[in-house]
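Worksheet for the structure shown next.
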Amino acid sequence: MTEWDPAATALLRLLATTARGPRREGVFALWLTVRVTQDLLRDVPPSERAHRRRLQALEHRLSSLTIATPLRRALAAAVSQLGEPSPETAAQVLSQLAAPARDTAGVEAGEALAQAARAARATVRGAR
């Protein structure tokens, strides 16, 4: 999987056009989470230590953002699930974030997460 795939790029575009506030911070939080999740889908995933450090950094960064409660809960669950680093977990996390993203950050954000989830599932199937 390439570093700047279509889902991450779509979230960046949305971030650039979203006004400051909780919605924008939610989009930023989603982008950060997508990036960490997609690293697990690479041909050579990060080492366990590198993943733990990146996950801790994500958790720390998310704690400082003002995010709508439903999305904050979904992101907390995602970080918890990502404690078990595997491509299958990554695909599941992306899929579970699509609905809260759509509800709190807008249709475009939800579609970006759904697109990322589809790509992740295809990567997992292709690896088998």
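The values are calculated or read from the model by the stated rules, or taken from the named source; none is laboratory data. As the structure is a computational prediction, the values presented were derived from the model and not from experiment. FYI the Cβ positions are ideal-geometry reconstructions off the backbone, even for glycines, and counts take in every protein chain you see. Side chains included, ligands, DNA and RNA excluded: accessible areas come from the protein's heavy atoms. Shrake-Rupley method; radii C 1.70, N 1.55, O 1.52, S 1.80 Å.
Using only the Cα atoms of the range 1-41, build the gyration tensor, take square roots of its eigenvalues as a ≥ b ≥ c, and label the shape rounded, prolate or oblate: rounded if a/c is under 1.5, else prolate if a/b is larger than b/c, else oblate. Oblate, since a/c reaches 1.5 and b/c is not below a/b. Against the chain, whose longest principal axis is taken from its Cα atoms, helix 107-127 shows a tilt of about 0°. How far, in degrees from 0 to 90, does helix 69-81 lean away from the longest principal axis of the Cα atoms of the chain, to the nearest 10? Taking the Cα atoms of the chain, the angle to 69-81 is about 10 degrees. Excluding ligands, DNA and RNA, the accessible surface per residue across the chain is 54 Å² with a 1.4 Å probe.
Working from Cα pairs under 8 Å separated by at least six residues, relative contact order for the chain is 32 percent. Per-residue ellipticity at 222 nm, computed for the chain from helices alone with -39500 (n - 2.57) per DSSP H run of at least four residues, works out to -26000 deg cm²/dmol. The calculated FRET efficiency for the pair Asp43 and Gln81, based on their C-beta separation and a Förster distance of 22 Å, comes to about 0.50. When only the Cβ of Lys, Arg, Asp and Glu is charged (+1, +1, -1, -1), the dipole of the chain relative to its Cα centre reaches about 160 debye.
Helix 22-39 sits at what angle to the longest principal axis of the chain, using alpha carbons and giving 0 to 90 degrees rounded to 10? Taking Cα atoms only, the helix is inclined about 10 degrees.
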